[in-house]
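A short worksheet on the structure shown next.
The values are calculated or read from the model by the stated rules, or taken from the named source; none is laboratory data. All of these numbers come straight from a predicted model, not from anything done at the bench. Methodologically, a virtual Cβ is constructed for each residue, glycine included, from the backbone with ideal geometry; neighbour enumeration extends over all protein chains shown. Ligands, DNA and RNA are excluded from the accessible area calculation, which covers all protein heavy atoms including side chains. Shrake-Rupley method; radii C 1.70, N 1.55, O 1.52, S 1.80 Å.
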Amino acid sequence: MQNANSKRVSCEPLGIGGQKAKFSPFSRKQLCIPYGVFLACFVVIPLLLIVFYSFTDKNGNISLDNFIRFFSSATTLSTVIISILIALATTIICILLAYPVAYVLANSKLNKGGTLLMLFIMPMWINFVLRAMAMKDLLTLTGIFGVNNYLNVIIGMVYDYLPFMILPIYTVLIKMDKSLIEASQDLGASPLKTFTKVTLPLSLSGIASGVTMVFMPTMTCYVISDTFGNGLITIIGKLIDEQFTTFQNWNLGSAMAMVLLVIMLVSMWVTGGFKNQDEKEGSL
Amino acid sequence: MANQRIRRDAVMSDEKIIQLVDLCRCFDGGVYAVDNVNLYVRKGEFITFLGPSGCGKTTTLRMIAGFDKPTSGKILLNGKDISNLPPNKRPINTVFQRYALFPHLNIYDNIAFGLKLKKFKVTYENDQGHRIEKIEKLKKSEIAAKVEKVLKMVDLEGFEKRSVSTLSGGQQQRVAIARALVNEPEILLLDEPLGALDLKMRKDMQLELKEMHRKLGITFIYVTHDQEEALTMSDTIVVMKDGVIQQIGTPTDIYNEPKNAFVADFIGESNIFSGTYIGGGKVRFLGHAFECVDNFEVNEKVDVVVRPEDVVIKDRDEGQVNGKIISSIFKGVHYEMVMQTGKSEIVIQSTVERKVGEEVSVYIAPDSIHLMHKEFVSNKYEGYITKHNTVCFGDGEFECDVTKLYPNSILDEEGYIITQEGERIDLTDVDVNVEVGLKDIEISDHEVEYGAVGNIVSIIYKGDHYQIIVRTDENEEDFVFDTEDTWNENDRVYVIIPKEKIKLSLKEEVKR
């Protein structure tokens, strides 16, 4: 059998200029196929389905009913506004907390070998539902829990998303050319002026990355709003989930997802403006 | 060496703008980047710190700028100690090695950065004759005028609105210079500012910088590892090595009268030979007694420096030393030839080519021979004897003959020494002085049982041999020795010293 099938007499590697000089038998395009298939199956097609569902009614007829219902309902609109406000508050608090931390981590000799940075990043390795429950218990223990449901939710969100703000700011700060700081001092700027005129403007791209990584997820992360809000706070993510699971209204759910998508695109467009300033610096 | 202050010319005023007094900078791990530097800079001077990387020149500059604080010593600006003044309070501006232009600002804002921060005390007199003092910033129009003026000076008119990233390296360099100069500093520091430019641009910028210095009359302190750059531009050159000043002088002084073999080797090309001063204005090297103009002690071992362009090539038997041409390379303006005589080689630069293999002779005029005191005559260390009767010094353990510490002594079976008088002495942990000659050290690639390990940090060719310095990692102990073998800098090597070549002497009498 073997002899019948294979006629190879010798096997020599073909060098440069040989017909099969390439190391890999696949071209780059071919190597992209598995991911392309994945992308099509799990991103593009579902997205198209959402678009389809959002513009049709239960019988499959094209209509704008879903959107009309969404925008005419006071409860849904207030949920959207509350979601945005919670996300905004979380993001701002995250920036205020993360910037000094990242600044210390990037400058100090304390962070030898990245140990301190690791301590801040490590919570990300623990299951986040578990983390949320632990934080809730901790808040209850200290008596903060129950003071205000919104405050609880924001504390929970900040706790959960803080590393995502620290990391991009830290990355930008650590990559920043230290001689720029020295140049600023050399030209007569006090440490405070150096910070406001050089360090802060140059780290805006890191903040922008952080904002995209914190603002958008916090609008939908209803695990935290459920855990910390005593079931009294609904955010847009929860609303969508209810349409799909409780009410079985896929069309309205899809329309909500579409609205959320637009909000996200707008926020990306806003933060993207900062990132374009120095694409070379880049962050995450 | 560090305390020399020999200066020749008096073009500048004698006012000392900067004085470094016993300046030291020690980094973590106990390494002295700058070691007891004493020096002054005169007002309006163009002074260059020159040396190989790691010689402490940049650290010295950073301390003057205020980015680094001295471990000890003082920096005086116009007689006042500024060692603890932050950089923003010093009337000094810096041109950084990689320019350090602010990427988020355009050219105008980069240059105006310092001007916008400047504050002045202005005194007004009102109608009643009262004087009112106000702190004012520069007006926008004043800033614009200054920026325009400085841009014109660096030939970048019309570049105000451009962003930094659209500029070429040379243009960025000019912006960096303009940004520093616009503040009208008393001193301009330049940290290898031309390092990133190509050769042609570098040459042009050298002349331009020199011209700017002449026009503005500001003191320039320049740091470079490029000896040609230093020779071209400076009024005064400070040659540094291992954080220590080797020589201070004008470019001509440094070139013609190098203080030691390091300076001679670092500045320009040179032939360095080991010679002996034999008295009567004569020095013996290459097997010939040459006339020279320096005076040394009779029979003192000296380093002899002869510049390749000072060697005159002649037909056989017409010069002082005969030899054979073993290589000849055309270098544009001249030929660079190597003549071998005995075991030594001598580099010659001449516009007349001699073919490889040709038998020739060379003549060296008395004033072309420069003699220097030998830097290393022998290696000296402090060490101690171990319980195995070996000696530890220079970060290594070596076998040695401890019986040499006491005349006619012997070792007994237990390792105690029995002196001539019959006394029994335990030498364990006894402190000793160790001396090893320059010819008594060998190095090897292979690990050895007894010896030290280190990296080759310096190789200087001395005509017929190399002088190599091996430095150990732990305490940075140096082993200096002569060898005919070829090694490379940064090679990791094991130092071997034959037992009989280690000269020991007791630091103090051992209690018996």
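How big is the antiparallel share of DSSP beta bridges in chain B, given as a percent to the nearest 5? So the antiparallel bridges amount to about 85 percent of the total. The phi-based Karplus calculation (6.51 cos²θ - 1.76 cosθ + 1.60; θ = phi - 60°) puts the 3J(HN,Hα) values of segment A:207-212 at 4, 4, 4, x, 4, 5 Hz, whole numbers, x for Gly and Pro.
How would segment B:378-506 be classified by its alpha-carbon gyration tensor: rounded, prolate or oblate, with rounded meaning a/c under 1.5 and the a/b versus b/c comparison settling the rest? Cα axes put segment B:378-506 in the prolate bin. Sorting A:Ile45, B:Ile313, B:Ile456 on solvent-accessible area from highest to lowest, probe radius 1.4 Å, gives A:Ile45, B:Ile313, B:Ile456. With both residues required to sit in the protein assembly as shown, DSSP beta bridges show an antiparallel share near 85%.
Rounded to the nearest 10 degrees, the inclination of helix B:107-117 to the longest alpha-carbon principal axis of chain B is 90 degrees. To the nearest 10, the accessible area of A:Leu64 is 100 Å² with a 1.4 Å probe.
How much net charge surrounds B:Pro308 when only other residues with a Cβ under 9 Å from its Cβ are counted (Lys, Arg +1; Asp, Glu -1)?
Combined, the nearby Lys, Arg, Asp and Glu give -3.
By the scheme Lys and Arg +1, Asp and Glu -1, what is the net charge of all other residues having a beta-carbon under 15 Å from that of B:Glu269? Value of the local net charge: -4.
Of the listed pairs A:Lys175/A:Lys197; B:Lys69/B:Lys89; B:Lys241/B:Lys301; B:Lys16/B:Lys203; B:Lys16/B:Lys74; B:Lys387/B:Lys499, which have alpha-carbon separations greater than 20 Å here? Before the final figure, lay out each step's value.
Working: A:Lys175/A:Lys197 17 Å; B:Lys69/B:Lys89 14 Å; B:Lys241/B:Lys301 23 Å; B:Lys16/B:Lys203 30 Å; B:Lys16/B:Lys74 14 Å; B:Lys387/B:Lys499 17 Å.
From A:Lys175/A:Lys197; B:Lys69/B:Lys89; B:Lys241/B:Lys301; B:Lys16/B:Lys203; B:Lys16/B:Lys74; B:Lys387/B:Lys499, over 20 Å: B:Lys241/B:Lys301; B:Lys16/B:Lys203.
B:Asp155 contributes about 100 Å² of solvent-accessible surface, heavy atoms of the protein only, 1.4 Å probe.
Ignoring ligands, DNA and RNA and using a 1.4 Å probe, state the total buried accessible area between B and A in Å², rounded to the nearest 100. Can you show the working numbers first?
On the way: alone 25820 and 17890 Å², together 41950 Å².
Buried: approximately 1800 Å² between A and B.
In what sequence, largest accessible area first, do B:Glu449, B:Glu336, B:Glu148 appear using a 1.4 Å probe? Each step should come with its number before you reach the end.
Numbers: B:Glu449 155, B:Glu336 30, B:Glu148 115 Å².
Putting B:Glu449, B:Glu336, B:Glu148 in descending order of accessible area: B:Glu449, B:Glu148, B:Glu336.
For chain B, relative contact order (Cα pairs under 8 Å, six or more residues apart, normalised by length) works out to 11 percent. Near B:Glu208: Cβ cut-off under 12 Å, other residues only, Lys/Arg at +1 and Asp/Glu at -1. The net charge is +3. Scanning chain A for chymotrypsin sites (Phe, Trp or Tyr not before Pro) in DSSP loops with at most 15 neighbouring Cβ atoms within 10 Å leaves A:27-246 as the longest stretch between them.
Could you work out the relative contact order of segment B:378-506, using alpha carbon pairs under 8 angstrom and six or more residues apart, expressed as a whole percent? Taking the mean separation of contacting Cα pairs over the length of segment B:378-506, I get 29 percent. Between B:Ile237 and B:Thr48, B:Gly249, B:Thr250, the built amide H atoms are under 5 Å apart, and every one of these is 5 or more places off in sequence or on another chain. Largest accessible area first, the listed residues B:His388, B:His334 line up as B:His388, B:His334 when surface is computed with a 1.4 Å probe on the assembled protein chains.
If exposed trypsin sites (Lys or Arg not before Pro) are those in a DSSP loop with at most 16 other Cβ within 10 Å, what is the longest stretch of chain A that has none? Don't skip to the end; give the middle numbers.
On the way: sites that count: A:Lys7, A:Arg8, A:Lys20, A:Lys22, A:Lys58, A:Lys280.
It runs A:59-279.
Loop-located GluC sites (Glu not before Pro) across segment B:157-250 with a Cβ neighbour count of 11 or fewer within 10 Å are B:Glu157, with loop assigned by DSSP. Short-range pairs are left out: with C-alpha atoms under 8 Å and at least six residues apart, the relative contact order of chain A is 26 percent. In this structure A:Met133 has an accessible area near 90 Å², from a 1.4 Å probe over the protein heavy atoms.
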